[in-house]
Amino acid sequence: MAAPAVRPPLGRFAAQHLVERNYLVYRRDWVVFVTGFLEPLLYLLSIGLGIQQLVDDFVLPDGTRISYTEFVAPAMLAASAMNGSLFDATFGVFFKLKYEKVYDAVLATPLRPVDVAVGELVWSLLRAAIYAAAFVAFMALLGLAESWWALLGPLAAVVIGYAFAGAGMALTTWMRSWQDFDFITLAVLPMFLFSATFFPLDRYPDAAQWLVQLTPLYHGVVLCRGLTTGAIGLEMLVAVGYLAVMGTIGLAVACRRLGALLLR
Amino acid sequence: MGGDEALVEARGLRKSYGAVEAVRGIDVTVRRGEAFGFLGPNGAGKSSTMRMIAAVSPPSGGTLRVLGMDPTDDGPAIRSRLGVCPQEDTLDSELTVRENLLVYGRFFGLSRPEVARRADELLAFVQLSDRAGARVEQLSGGLKRRLTVARSLINEPEMLMLDEPTTGLDPQARHLLWDRLFRLKQQGTTLLLTTHYMDEAEQLCDRLVVIDEGVIVAEGSPAQLIRDHSSREVCELRFGADDHQGVAERIQHLGERLEVLPDRLLVYAADGEAVAQAVHEGGLTPRSTLVRRSTLEDVFLHLTGRSLAE
Amino acid sequence: MAGRVESATAGLVWRQLDHWRVRWRRTWRGSAVTTFVLPVLYLLAMGVGLGAYVDEGGPQASLGGVNYLDFIAPGLLATSVMQTAVGASTWPVLGAIKWDKTYFAMIASPLRPRDVLLGNLAFVAARLLMTAAVFWLVLLLFGVVALPWALLAIPAGVLIGMAHATPLFALSARLERETGFMLIYRIGVVPMFLFSGAFFPVSQLPDPLQWLTQLLPLFHGVELVRALTLGRPDLLVDVGHVAYLLLWCVVGLALADRSLARRLGG
């Protein structure tokens, strides 16, 4: 037999091949990809057409007056980055891990668990960035993002996605059945509703304010709201640090656990 | 045989999952170019051994070298030169038949044109070219297995590992798969397979080990194992329902050895016809009588006291 | 003769009781917690939190002169049973056809596709009843139900749920691939949830959107439940809502019957 023509892809970015696999699957399901833009836009529309008519303008801490839609839109940006990346990292990974056995096949090749985790993460963040770019463009079109800082919106979505995808993937390795995902819903929905998304932090009782500030989505909202309103502050750096640390810890745990689960 | 280079060398290899010991100290050497089999019933420790050799399951004890490397440290390097066809198909149901090969090939670091060329060759080899665009879920069990074999060959592996390759396939699909594996062997690919089918082991393996409850109970070529652990022929006798034990005592002396199974008696002897005749002359009238050559099934029965089907 | 056939159907549906009871026992705990916690959270965030801003200048006329909490509480009940109905009549249906093949196991017994359908829908109705009743208790806790009319909001909730469950069952029974659910959710469920008058009056929408909304069963469900929890039913209007929801149930049931028979028979 001829000398082996295979170069072990070690030392290169092996995870890219998993990204390619996901791209191939998605290319055929382009309708799913395209309609993914829809959900946050619909929320934005319903707030603009509906709730804004019922609520007065908001005054930011620095004195700027913004409409209610301008206040909520960046929160929608952050929340949809959270939802999208969590969906991929929890349901998506669980399905491939337990039912499709995609990773069993992948690990029979030179790829390692860390390549699997990083590959899924990168794919999820690519999508988050694309959706966020479309959302920011839509905001600009509606006059909801006047600041040039808003151009960094997709980057903020990537940071938020990184935090939630890392943590979500780590948690997924402990999931036993689909019913366990109720816990994720139970964690995500309060965050979605109470992370200064629909009304500002000072509205909460003192103790609750502390609690809200501990949640990752709150920091995501701070980051996005700073960018789209142009009210840049130091708390945004804190937010980036918080989210980056959360994602990194999650990713590290996910790599270890995936290795333990798949390489038994 | 293609030289003496050992592709797999295991010494005292063990694997436990918690308190359960699946593999309890086995010694195996697989040489380049041979077709080597693990024969044993379900749960004997075959799959655990295969997973350790495939570098996806760290051994709990003993030493293991695969392609001259340590699977714990050099997993990716070893896996890049192996082909693995697992017991349960792990095909990607979100991709088409051909895409399964393309994507998998990319995991080995092959270039796109190279993968495309090999994918088309392999689809022809397993006779799936006309289904290239089909979705995996539309394939029957036999076609899926053929695709899995094609996928495991995408990196032109030096050793192809097959775990129960024909379990669950109909006879036609089995024979087609056997034919393809035989061709690979002719081309010099080392085959390592597990099976609980005797005929499969006899058809495909140059050498095999019989494994039971995590230990090796015999080793050799199929013919050698039959020679060493069974008689040349077997006379199978079926009587009415409940009198097997009584009959057994009366005909014990007719052969070298006798086994009582729930539905029949097996008398091991060099001349099976002579046994059958002696039974009739002794005034016994079995419902049916069959004389056949010994198989690996008989070897297994002799070595473990159990039939493989159990 | 007709009577005997009917009673046979009832008997055959009844035989599935244990099947569904076992399923229920395995899953009710998780869903009970979510069923209770989610409405509490929604009412706190939207009704109390956001409501404080909406009600700043006193109750608004466009909301019918009631607090925002009173306004959205019935809307949330209606959207919540709708979502339960969607969850119960999409993935599990395709799963029982495609992955677990439960339906095929069932029709290998004396059960016919129609019995399987009715048994499954009875289970859906039971889940809807639980969702509506738990949600109603939460409304009671928040003090936003006007008795005795408000009691009818529970059966109204089941009706709203069935008006969505039956046509979706038909759709699910025809689906080849699960990606369809993603589209149903994004193009159907989310817009309905947002624009059916649960969170703000439909009258604020541009005209064409208003007409479209009024064709949706959820809009009629929201209006019906709101009239009941506020204790101000208008007999003619609300009977109209009920009739429209019933129409969806009947048409949906007929479609589901045909779809399932074709899928399991083919």
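Quick notes on this one:
- Residues in the range B:165-205 that are under 20 Å from B:GLY33 (Cα atoms) and of a type in the set (D, E, K, R): 6 in all.
- Of all residues making up the range A:45-64, the number that are within 7 Å of chain C (Cβ to nearest Cβ) and closer than 18 Å to A:ALA196 by Cβ: 3
- Helices (runs of 4 or more DSSP H) enclosed by the range A:172-264 - at least 1 residues per element that are hydroxyl-bearing (Ser, Thr, Tyr): A:181-194, A:216-229, A:234-262
- Output for the range B:116-127, where each listed residue is surrounded by fewer than 20 Cβ atoms within 10 Å (Cβ to Cβ) and either farther than 23 Å from B:THR190 by Cα or within 12 Å of chain A (Cβ to nearest Cβ) (or both): B:ALA116, B:ARG117
- Residue match in the range B:55-77 (condition: surrounded by fewer than 15 Cβ atoms within 10 Å (Cβ to Cβ), within 21 Å of B:HIS196 (Cβ to Cβ) and either of a type in the set (Asp, Glu) or free of Cβ contacts under 8 Å to residues at least 60 places away in the same chain (or both)): no
- Of all the listed residues (A:TYR218, A:TYR162), the sole one being under 17 Å from the mean Cα position of the chain (by Cα), within 14 Å of chain C (Cβ to nearest Cβ) and modelled with pLDDT of 95 or more is A:TYR218.
- Looking across the range B:246-268, the residues that are in contact with a Ser or Thr (Cβ under 9 Å, 6 or more places away or on another chain) and either over 15 Å from B:LEU301 (Cα atoms) or of a type in the set (Phe, Trp, Tyr) (or both) come down to B:GLY255, B:TYR268.
- Flag for A:ASP104 being under 17 Å from the mean Cα position of the chain (by Cα), within 14 Å of chain B (Cβ to nearest Cβ), surrounded by fewer than 24 Cβ atoms within 10 Å (Cβ to Cβ) and not β-branched (Val, Ile, Thr): no
- Of the numbered criteria (1) more than 9 Å from chain A (Cβ to nearest Cβ); (2) in a helix (DSSP H, G or I); (3) within 26 Å of the chain's Cα centre (by Cα); (4) farther than 20 Å from B:LEU139 by Cα, the one B:LEU101 fails is (4).
- Listed conditions (1) of a type in the set (Ser, Thr, Tyr); (2) buried (at least 24 other Cβ atoms within 10 Å of the Cβ); (3) within 14 Å of chain A (Cβ to nearest Cβ) are all met by C:THR179, apart from (2).
- Being in contact (Cβ under 8 Å) with a residue 40 or more places away in the chain and either within 14 Å of chain A (Cβ to nearest Cβ) or closer than 19 Å to B:ALA44 by Cα (or both) holds for only one residue in B:GLU164, B:GLU156, and it is B:GLU164.
- Annotation: of all residues in the range C:70-97 being among the small types (Gly, Ala, Ser) and surrounded by fewer than 22 Cβ atoms within 10 Å (Cβ to Cβ), the one that is nearest to A:PHE95 (Cα to Cα) is C:GLY95.
- Residue count for the range B:61-77, restricted to those that are within 11 Å of chain A (Cβ to nearest Cβ) and either small (Gly, Ala, Ser) or closer than 15 Å to B:LEU13 by Cβ (or both): 4
- Entirely in the range A:3-112, the helices (runs of 4 or more DSSP H) that have 3 or more residues that are of a type outside the set (A, V, I, L, M): A:16-28, A:30-35, A:38-49, A:68-87
- Selection within the range B:267-296 - in contact with a Leu (Cβ under 9 Å, 6 or more places away or on another chain), surrounded by fewer than 20 Cβ atoms within 10 Å (Cβ to Cβ) and not polar (S, T, N, Q): B:ALA274, B:ALA278, B:GLY282, B:LEU284, B:PRO286, B:ARG287, B:LEU290
- Pairing residues of the range C:72-99 that are free of Cβ contacts under 8 Å to residues at least 40 places away in the same chain with residues that are crowded, with 24+ Cβ neighbours inside 10 Å and among the small types (Gly, Ala, Ser), at Cβ distances under 9 Å and at least 6 apart in sequence or on separate chains, gives C:PRO92/C:SER172.
- As a summary of the residue check, B:ARG146 satisfies the conditions (1) of a type in the set (Lys, Arg); (2) surrounded by 22 or more Cβ atoms within 10 Å (Cβ to Cβ); (3) at the interface with chain A (Cβ under 9 Å from one of its Cβ atoms) except for the one numbered (3).
- On inspection, B:HIS253 passes the criterion of being surrounded by fewer than 13 Cβ atoms within 10 Å (Cβ to Cβ) and not small (Gly, Ala, Ser).
- Residue within the range C:15-33 that is without any contact (Cβ under 8 Å) to a residue 40 or more places away in the chain, buried (at least 19 other Cβ atoms within 10 Å of the Cβ) and within 12 Å of chain A (Cβ to nearest Cβ) present: no
- Residue within the range C:53-74 that is within 14 Å of chain A (Cβ to nearest Cβ), of a type in the set (Gly, Ala, Ser), closer than 30 Å to A:LEU201 by Cβ and not in a helix (DSSP H, G or I) present: yes
- Residues located in the range B:30-74, provided they are under 14 Å from B:VAL209 (Cβ atoms) and in a loop (DSSP other than H, G, I, E, B): B:GLU34, B:GLY40, B:PRO41, B:ALA44, B:GLY45
- Cβ-Cβ contacts under 7 Å between residues 6 or more apart (or on different chains), taken from a first residue in the range A:184-201 that is more than 7 Å from chain C (Cβ to nearest Cβ) to a second residue that is crowded, with 19+ Cβ neighbours inside 10 Å and of a type in the set (Gly, Ala, Ser), are listed as A:PHE192/A:ALA79; A:THR197/A:ALA75; A:THR197/A:ALA79.
- Among the residues of the range C:210-240, the ones that are over 29 Å from C:GLY143 (Cβ atoms), of a type outside the set (S, T, N, Q) and either touching a residue at least 40 places away in the same chain (Cβ under 8 Å) or in contact with a helix residue (DSSP H, G or I) (Cβ under 7 Å, 6 or more places away or on another chain) (or both) come to 1 in all.
- Residues satisfying the stated conditions in the range C:104-114, i.e. touching a Leu at 6+ places or on another chain (Cβ under 6 Å) and either at pLDDT 85 or above or loosely packed, with under 15 Cβ neighbours inside 10 Å (or both): C:PRO113
The values are calculated or read from the model by the stated rules, or taken from the named source; none is laboratory data. Since this is a predicted model, take the numbers as computed values, not measurements. Glycine gets a Cβ as well: all are built from the backbone with ideal geometry, and neighbour counts include every protein chain shown.
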